[in-house]
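What follows is one structure encoded as structure tokens, with my remarks underneath.
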């Protein structure tokens, strides 16, 4: 907590809006829209809609510069009823703005007469928009507190999005602004979809929050005239935070999205540039979280709606094959590069996240045979849980552990029963994830082995497994301050092309054929074990390689 936070001057912040440029770059095809950014080459939300999940019944709260045009056709259902609502906490009254209408549209647009396919990530969700920036471009901590209380506690918003950042404040996770966000995320279990910001080299307030999901912005790329989101926008904030934590967490589409705008009830515009404006990426994260909450509402399980679980699932399901700001590969197949300062852990994939959450909860001390899954647990200091995952074929093991910074409110004397900025205290447990190969005594993944920051409250492992067996994931609470913690855990056994032979490049091509012919008729080659284990490299192995000829793994193969 900052010293002197009760000074009024520190309760008023200057605001930087994530500037939205109405822009289509020369790279962009003539027809590009919200449909493409939510498709397979973007956040992959359309595939979840096709499974019947739209986030219906989930409330999403927006903390905004102004307000949304709630009468726009994009927010109305077939009966003409709007699903967007405005609130003002500045005293200056509601005032609609293009930028804020765009943000809401990416989350929950239901399309329009001339734009039937420009549907948001969670078109069934309701939007509740709170204005907290005055006409003088000031924000009060108390306005923000009151807005969060209204949205989270009264309006039951389970996802919160912020459409601006605060400048000239150290984003080290301990400002009164970030503390407030982490408090509501912890107390009410909401997912805070925070932006990395558009300051080029830094993750800004509120992207430095421990308990939120920080999102960077992606620009379009062209591979063989196939356009998708595979490169970081050049202005999106890079990590780590000033205190060394690994943020951003994920990235999502930003450039060239067709969205509702505020000039009329039927007006649309294409927004977002190669800068990767995070105003247009973080709504994808918010919408994906709403889809997962919607799925959890439809299941009988008690824990799949936990914010720790949803965060773990979203991060574990990302697509890491994303280029950095300079357009260079981030080498995602190298397990040392699981996190990257530009792309975080990778591009949001709503479908893979949905598939992971739509499984049975796994339990410790039980042999796990499913290919993906999740868990929720609680560990006191000194306790451990062990998950045993059965691996039968060569694959990549992806595991993610996340927990929240515990936030405590102590109402100081004289008590007024109202949250004040110097009354919130942060406590962080020290959880660690360690992965063991059944044939090796030493871990193949650990905090020390991969030089992770012990202040992070998220750890992800992405490692190639070449031998079958029962792999163990140990989650320890190594706190020395008595802290216990709830955690979310997600995992996936990701298959790789069967014919891809050492040195692995995640595509079956002439390099693999050359390896095979070099060991032709060998009785001692490990290649036989990777193809058809019959004791010799022969035509059976050749046939298996031919079956997968030119297959590639899009998560790791560099185009």
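Computed over the chain, relative contact order equals 14 percent, with contacts defined as Cα pairs under 8 Å that lie 6+ residues apart.
Rounded, prolate or oblate: pick one for the stretch 30-350, where a ≥ b ≥ c are the square roots of the eigenvalues of its C-alpha gyration tensor, a/c under 1.5 means rounded, and failing that, prolate if a/b is larger than b/c, else oblate. Rounded, since a/c falls under 1.5. Contact order, relative form, for the stretch 497-559: 42 percent (alpha carbon pairs under 8 Å, 6 or more residues apart, mean separation divided by residue count). A protection proxy built from the mean count of other Cβ atoms within 10 Å ranks the segments 149-159, 408-418, 64-74, most packed first, as 64-74, 149-159, 408-418.
I'd like the antiparallel share, as a percent to the nearest 5, of DSSP beta bridges with both residues in the chain. Of all bridge pairs located within the chain, approximately 70 percent are antiparallel. Normalised by 2.2 N^0.38 Å, where N counts its residues, the alpha-carbon radius of gyration of the stretch 314-404 equals 1.25. Here the stretch 58-136 and the stretch 467-504 have alpha carbon centers that stand 39 Å from each other. Computed extension length for residue 336-residue 526: 65.9 nm, one decimal, from 0.36 nm per residue of separation with the Cα-Cα distance subtracted. Given in Å, the Rg to one decimal and the Dmax to the nearest whole number for the Cα atoms of the stretch 360-495 are 17.9, 64. The Kirkwood radius of the stretch 497-559, taken over pairs of alpha-carbon atoms, gives through the Stokes-Einstein law at 20 °C and 1.002 mPa s a diffusion coefficient of 186 µm² s⁻¹. The Kirkwood hydrodynamic radius of the chain, based on inverse pair distances between different Cα atoms, is 24.0 Å. For the pair the stretch 236-253 and the stretch 314-391, the centres of their Cα atoms are 17 angstrom apart. For residue 472 and residue 154, the FRET efficiency from 1/(1 + (r/R0)^6), where r spans their Cβ atoms and R0 equals 60 Å, is about 0.85. The tail of the calculated P(r) for the stretch 242-366 beyond 26 Å holds 34 percent of all Cα-Cα pairs. The modelled label-to-label distance for the pair residue 451/residue 412, using points 7 Å beyond Cα in the direction of Cβ, is 4.1 nm.
Pairwise Cα distances in the stretch 118-221 exceed 20 Å for 41 percent of all pairs.
Computed with the Debye formula from one identical point scatterer per Cα of the stretch 165-298, without solvent, the log10 of I(q)/I(0) at q = 0.22 Å⁻¹ comes to -1.22. Peptides 431-441, 393-403, 282-292, 341-351, ordered by how many other C-beta atoms sit within 10 Å of their residues on average, highest first, read 282-292, 341-351, 393-403, 431-441.
Read-outs throughout are calculated quantities, based only on the coordinates presented, and are distinct from any laboratory measurement. Every value quoted in this text rests on a predicted model; they were computed, and no experiment measured them. Heads up, the Cβs are rebuilt from the backbone with ideal geometry, glycines too, and the neighbour counts pull from every protein chain shown.
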